[in-house]
Each structure stands twice: as C-alpha cells, then as structure tokens.
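To start, the structure under review is shown below, and the notes come after it.
The numbers here are math on the coordinates, done by the rules we state, and not lab data. Predicted model only: the values in this text are computed from it and were never measured. Methodologically, a virtual Cβ is constructed for each residue, glycine included, from the backbone with ideal geometry; neighbour enumeration extends over all protein chains shown.
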Amino acid sequence: MNILIVSQYFYPEIFRINDLANEFQSKGHQLTILTGTPNYPSGQIFDGYGIFKKNIDNYKGMRVLRCPLIPRGSASSLRLVLNYVSFVFSSIIASLFLLNKDYDIIFVFEVSFLPSRRQTPYRSLS
C-alpha cells in the first residue's frame, strides 16, 4: 500500500512516529512522510537542514518531504503556537505541489500544544 504520514516531527527528531513508519516499511508498504524541518527539542533548526536545504530526503527507503516552519525557539507559548501553525500552513502548500501520488492511507500524527486534562489543574466538585 502507498501510505502518506503527515507529522510535524520525524527523524532525526525522536518520536514514536519513527517506530510506526519503520514498522510500515518493514511490512513492505511504500511510505511518504510530510513533515517539518527538525528543531525539537533544542528549538533550533538541526545542522544540515533549513528552508533551502534537504527539503526532499530519503530515510530508509521512505520519501521524506520537509516543510519550512518557524522553529519553537525557547518554547514560549507564542513561539509554540507559531511553530504549530506554521507547519499547518506550510504543509498545506507543500501538499499541493509535492504530493503527486494516490495514497491508500493517510496517517496523521499530531502532538498537541494544548495541555491534557491531567496536566490542567482543576478542583473536585465533591
């Protein structure tokens, strides 16, 4: 099957989506990864990557398309929002020009910048 994975984060960043992509690949599926320019966890674009560098790559036989984004920097609330939103917009634009295959599955891996309920302080009503 032809699988498209859309994820803001992918190798060389360390996220579970890397394991999932490797597993799909090991099962014989063809993968295309639409991802952002690596900048996690340091908040700085990794060496060798940039707006005009390594935008189309190959990782273990997977086609990797990297979209420019605003790096998360010091991870202030504003920078995180800009980081996430810039990926959304640049990936939409990139998908119009770089994705030219029919995909059997589109898998979206998203890391939310919104706190989970466990992290949000709340008061019991009892």
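For the Cα atoms of the chain, what angle does the longest principal axis make with the long axis of helix 77-98, in degrees from 0 to 90, nearest 10? For 77-98 against the chain, the angle is about 20 degrees. Projecting the Cα atoms of Thr32, Phe109, Leu4 onto the charge dipole of the chain (Cβ charges, centred on the Cα centre) puts Phe109 farthest toward the positive pole.
Listed from fewest to most Cβ neighbours within 10 Å, the set Ser86, Ser77, Ser91 follows the order Ser77, Ser86, Ser91.
Put in order of Cβ neighbour count within 10 Å, fewest first, the listed residues Tyr103, Tyr9 become Tyr103, Tyr9.
About its Cα centre, what dipole magnitude does the chain give when the only charges are +1 on Lys and Arg Cβ and -1 on Asp and Glu Cβ, stated in debye to the nearest 20? Could you put the intermediate results ahead of the total?
Numbers: 13 positive and 8 negative charges, 67 e Å.
Approximately 320 debye in magnitude.
Helix 16-26 and the longest principal axis of the C-alpha atoms of the chain enclose an angle of approximately 20°.
When a footprinting reagent is the concern and you count Cβ atoms within 10 Å, what order do Ile105, Ile45 take, fewest first?
On the way: Ile105 12, Ile45 17.
Least crowded to most crowded, the residues run Ile105, Ile45.
Tell me whether region 1-47 comes out rounded, prolate or oblate; compute the Cα gyration tensor, take square roots of the eigenvalues as a ≥ b ≥ c, and use a/c under 1.5 as the rounded threshold.
In terms of gyration-tensor shape, prolate.
Multiply the residue separation of Asn58 and Val108 by 0.36 nm, subtract the distance between their alpha-carbon atoms, and state the gained length in nm to one decimal. Please report the intermediate quantities before stating the final value.
Numbers: separation 50, 0.36 × 50 = 18.00 nm, distance 1.93 nm.
That works out to 16.1 nm of additional length.
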